[in-house]
1. Suppose we filter L291, L332, L305, L369 for residues that are surrounded by 18 or more Cβ atoms within 10 Å (Cβ to Cβ), modelled with pLDDT of 85 or more and at negative phi; which single one remains?
2. Return a yes/no flag: does region 84-100 have any residue that is among the acidic types (D, E) and touching a Lys or Arg at 6+ places or on another chain (Cβ under 8 Å).
3. Output yes when any residue across region 31-39 is in contact with a Leu (Cβ under 7 Å, 6 or more places away or on another chain), under 28 Å from N283 (Cα atoms), in a helix (DSSP H, G or I) and in contact (Cβ under 8 Å) with a residue 60 or more places away in the chain, and no when none is.
4. Condition (residue is part of a strand (DSSP E or B), polar (S, T, N, Q) and under 23 Å from R135 (Cα atoms)) applied to region 43-51: is it met by at least one residue?
5. Considering only region 165-177, I want to know if a residue exists there that is in contact (Cβ under 8 Å) with a residue 60 or more places away in the chain and surrounded by 14 or more Cβ atoms within 10 Å (Cβ to Cβ).
6. Taking region 308-329 on its own, how many of its residues are among the basic types (K, R) and either closer than 15 Å to S247 by Cβ or at pLDDT below 85 (or both)?
7. So, in region 248-294, exactly how many residues are over 21 Å from V334 (Cβ atoms) and small (G, A, S)?
Amino acid sequence: MLADIDYFFAQCEEVRNPAFKGKPVVVGVYSGRTSSSGVVSTANYVARSFGVKSGMPLYLALKKLEHQDAIFLPVDYDFYQQVSDRIMALFRTYADVFEQVGIDEAYLDVTKKVQESFEAAADLALRMKHDVDSREHITFSVGIGPNKLVAKIAADQQKPNGLTVVKPSEVQAFLNPLPVERLLGVGQKTLRKMQLLGIKTIGDLASFDVQKLVDAFGKALGVYFHNAANGLDDAPVSQVDSVESISRISTLKEDTRDVPIMLERITKLAEEVQKELSARRMNFRQVSVMLVTTDLTAKSRSLTLERPARDAESILTSTRVLLEKFLQDSALPVRRVGIKVSRLTREEVSQKSLTSFMQESPDTRNSKL
C-alpha cells in the first residue's frame, strides 16, 4: 500500500478550525518581504478548483481567490509534525513492514497480514481509514498494488479520500490508458521528447522498442521507462532512518546583514551537503538555516518540503526564504552561517531498483515548498 494524506497541511488547518471547511484554504511559506510574498505550500481542493497550486507565488494565489472567502495561513510545521507522528504511529500497526517517505506519505507491506489477498488488503485499508478518521479526523488516499510503483500511481487515481486496488492481472490494463507523465521521472522536458517519439500514454511507452528508449534517454532511464511502463518494480518496502541529518557551518569574513554575502557562503556549504547526499544516496525533506549573531546567540529556522529532494538548488531556495524571514525578526548582524538537511530517506541503487533511476533523470523536479 501507499498511504498519502490528502492536502495535508491545509487539512490539518481545517481540523484545527472546522469553520474553514468548504472554504478555499491556502497554507503558504511567507518570505516576510511583503504581506503577500512567498509561495503556496499546500492548498485544499476548494482552492485548487480556482487554479491554486503548490509552488505558486502567493500574490498569484491571492489574485485567483480575490472574490472568494479564502483563508491564507502560514505554515505551522510543529503542529503538522505532531499530527503526522500520531498518524504514522497508527499506520505502523497495520503493516508487516513500514516505510515512511515523507511527513504525509508512507508505504506499507501488508502481504503476510492479509495472506496475499488483495480483497483482504482493501478491507484492511478501509479499517485503517476509519481508525485515522475517528481519531484525527484526517482523510488519506490509498493505492494497493503488487509493488511500490503501481501502489504510488494507484494512490493518485482517486483523490481525495480514495482507495484504488490494482491486482497483478490488472496492472497493464490500469496503466496503459494513463498519460505517460503519470510515471515518476517524466517531467516536462522528457514529456516533450516522448511526444516527439509518438509516446502519449503509458501503454504507448510499454510497447515502444526498448533499444530506441535507451538510444533516446540513456541506458538507465531507458530501461527504467520500459520496466515502469510495464508495471515492473522490485524495490522492497524497507524501514528507513528519517532522523539523521547532514550539516555544515562557517564563520563569515565579517559580521553582516547582507543577504548576498551570506548566500555566497551558504552556496558553498550547500554544494558540500549535496555531494555528501549523493555519495550516501540520500534525499532530504527538511532544510534548516543556522545563524550565530554578534551577541553569540545561536538561532535556527526550518522549512519542510512536500517531496524529497537531493539537489543544492532546493537547499538554496529554502535557505533564502528562511534567511530573509530571520532578518525580519532580528536586527543583529550575523557572524556565522550554517545549513542542515534532515528527515533523510535512503534509496537503494541497483539495476533492479526502478525508483533509483528516477534520481538520474534531468527532468525530475524538486517538490515545491
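The values are calculated or read from the model by the stated rules, or taken from the named source; none is laboratory data. This one's a predicted model, so the numbers in the text were calculated from it and none came from an experiment. Every residue, glycine as well, gets a Cβ built from its backbone with ideal geometry; the counts of neighbours run over all protein chains shown.
1. Criteria check complete, one pass: L291.
2. yes
3. Scanning region 31-39 turns up no residue that is in contact with a Leu (Cβ under 7 Å, 6 or more places away or on another chain), under 28 Å from N283 (Cα atoms), in a helix (DSSP H, G or I) and in contact (Cβ under 8 Å) with a residue 60 or more places away in the chain.
4. no
5. Yes - at least one qualifying residue is present in region 165-177.
6. Our first condition is that a residue be among the basic types (K, R); within region 308-329, this holds for 310, 320, 325.
Still in the running and either closer than 15 Å to S247 by Cβ or at pLDDT below 85 (or both): 310, 325.
Looking only at that region, the number is 2.
7. Residues in region 248-294 being over 21 Å from V334 (Cβ atoms) and small (G, A, S): 2 in total.
Quick grid of which residues meet (1) closer than 30 Å to T111 by Cβ; (2) out of contact with any Pro (no Cβ under 7 Å at 6 or more places or on another chain); (3) not assigned by TED's automatic domain parsing to the domain that holds E324:
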position	(1), (2), (3)
L196	no, yes, yes
L221	yes, yes, yes
N230	yes, yes, yes
L252	no, yes, no
R257	no, no, no
E264	no, yes, no
S278	no, yes, no
T294	no, no, no
S302	no, yes, no
